[in-house]
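Since every read-out is calculated from the coordinates, none of them should be taken as a lab result. Because the structure is predicted, anything quoted here is derived from the model rather than measured. Cβ coordinates were reconstructed from backbone atoms using ideal geometry, including for glycine residues, and neighbour counts include every protein chain displayed.
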Amino acid sequence: LAPWRRPGRTRPGRALALELGALAGAVVLTLVLARRLGGPVWFGPWAGIALLAAAYWYALEGGMAVVRMVLALVPVAVQAPRDGISVPEAEQSRGRIIGVLERALALTLILVDEFGALGLITAAKAIARFRALENRDFAEYFLIGTLASLLHALMVGLGVRLLQ
């Protein structure tokens, strides 16, 4: 379910290509299921379930590849580099878990038309990491990851809303 976790497939660009292929496959599968089970393509109950399942899977798992690709634009190291950001390994792994939960919550809020509540996610994260945000490098890394994660969830959510 997460191709970038397999050995040899850890590069963000390759993972993103695999995820886009998986998304296209999920859309095709949704169309095929809807036609076989009868009813309108996008409004049948099975098609809606398949679409939501594909959207959550892509937002949670595929979002990790997208966020990694964005963060790859900023040099990040475990120890302080010459020109880059240093973030401890423990923070990176916790950040991945937090990012998955963040995208799940953001996608849910978008699907129930509560766009205003998206700011609460960022506020809650900032409160939880208040002391760590004093470190400018970490604050920038945190902001880049949070915005990339929320943008990905927003795009997936808007795509689902368009298809429903």
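Under a point-charge model restricted to the Cβ atoms of Lys and Arg (+1) and Asp and Glu (-1), what is the dipole moment magnitude of region 105-164 relative to its Cα centre, in debye to the nearest 20?
Values: 5 positive and 5 negative charges, 18 e Å.
Value, rounded to 20: 80 debye.
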- Over region 121-164, equivalent-ellipsoid semi-axes from the Cα gyration tensor in Å: 28, 11, 4
- Query: How do 130-139, 147-156, 64-73 rank on mean C-beta neighbours within 10 Å, highest first?
  - Reply: 147-156, 64-73, 130-139
- Item | Rounded FRET efficiency, nearest 0.05, which uses the C-beta distance separating Met69 from Asn135 and R0 of 25 Å | 0.60
- Item | nm² value of the averaged projected area, convex hull over the Cα atoms of region 87-155 | 4.3 nm²
